Amino acid sequence: APWRATVLTLYPEMFPGHLGLSLAGDALARGAWSLEARNIRDHGIGRHRAVDDTPAGGGAGMVLRCDVLAAAIDAAALPGDPRPRLLMSPRGRPLTQGRVRALAEGPGVIVVCGRFEGVDERVIAGRGLEEVSIGDYVLSGGEPAALVVLDACVRLLPGTMGKHASGVEESFEGGTLEYPHYTRPRAWEGREIPEVLTGGNHAAIARWRAAESDRITRERRPDLAGPGRIP
Ligand code: SAM
């Protein structure tokens with residue numbers, strides 16, 4: 001069955017966004033994956049379909065109600081739905097390529113997008129939500145984060161990106177950052193393509209790339225270099 005994404009959001013018009021274009025969009029049109037954006041407000045309370053309320057204990061902003069969000073999740077995920085339920089959250093576990101690969105190999109995802117000050121804490125345990133962060137900064141809503149998660153997953157689906165994305169040479173896949181790329185022209189503004197890349201010696205090219213990958217990783221991300229990095 002095709003990989004299935006359901007997004008719960010107050011702004012369904014933000015989807016599929018860029019994922020309706022290019023290779024991901026072609027794959028979506030072909031049915032290699034599916035995307036359903038559901039409006040949390042459909043489960044809002046009363047005539048005004050309220051989805052949020054003031055924070056218990058006081059303070060600024062509004063909080064997404066647990067009963068509204070739970071109703072939206074229950075309507076999107078029928079009993080037995082095997083898909084993991086992600087909650088986009090700056091407090092979540094930072095997304096890694098390893099988690100992305102595992103998600104892409106599964107049946108799909110349900111992604112909940114927060115807004116305002118966030119969601120009522122009780123719905124996280126109450127509906128088994130896995131909090132996922134896309135980095136140490138704060139967005140105004142979870143929608144761009146959801147698009148990031150889906151983008152990273154969809155490009156790994158069989159038949160989405162051709163063979164490139166399935167290769168193990170990319171940044172992070174081997175626990176290192178990728179080596180530099182070049183293409184024509186051979187000389188540009190006094191800068192040349194490294195000679196080894198134009199010499200046709202494939203073993204030498206592989207050695208050069210591995211060494212560059214190693215050097216760049218050590219320089220830029222010493223936290224990734226060495227044993228026991230990136231899952
Ligand atoms: N009050 C929250 C805090 O300080 O942790 C921030 C809430 S933020 C303004 C609104 C929503 O944006 C969050 O509920 C979450 O869904 C999303 N969001 C913000 N930053 C994010 C990040 N780094 N990764 C994933 N989602 C994020």
_One residue is enough: does the stretch 197-212 have a residue meeting the conditions among the basic types (Lys, Arg), surrounded by 12 or more Cβ atoms within 10 Å (Cβ to Cβ) and closer than 30 Å to PRO12 by Cα?_
no
*Would you be able to tell me the number of residues in the stretch 176-210 that are in contact (Cβ under 8 Å) with a residue 40 or more places away in the chain and of a type in the set (A, V, I, L, M, F, W, C)?*
1
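Kindly indicate which of LEU150, LEU139 is in the same structural domain as MET14 (by TED's automatic domain parsing), more than 9 Å from the ligand (Cβ to nearest atom) and over 21 Å from CYS66 (Cβ atoms). Show your work before the answer.
Values: LEU139 fails: more than 9 Å from the ligand (Cβ to nearest atom).
Answer to the selection: LEU150.
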*Looking at (1) over 17 Å from ALA75 (Cβ atoms); (2) within 15 Å of the chain's Cα centre (by Cα), can you tell me which one THR6 breaks?*
(1)
*Mind checking which residues of the stretch 85-125 are farther than 26 Å from ARG41 by Cα, small (Gly, Ala, Ser) and surrounded by fewer than 20 Cβ atoms within 10 Å (Cβ to Cβ)?*
GLY98, ALA102, GLY106
*Quickly run through the stretch 10-40 and pick out the residues that are among the basic types (Lys, Arg) and within 16 Å of the ligand (Cβ to nearest atom).*
ARG38
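The values are calculated or read from the model by the stated rules, or taken from the named source; none is laboratory data. Quick caveat: nothing in here was measured; it's all calculated off a predicted structure. Note that each Cβ is placed from the backbone with ideal geometry, even for glycine, and that neighbours are counted across all protein chains shown.
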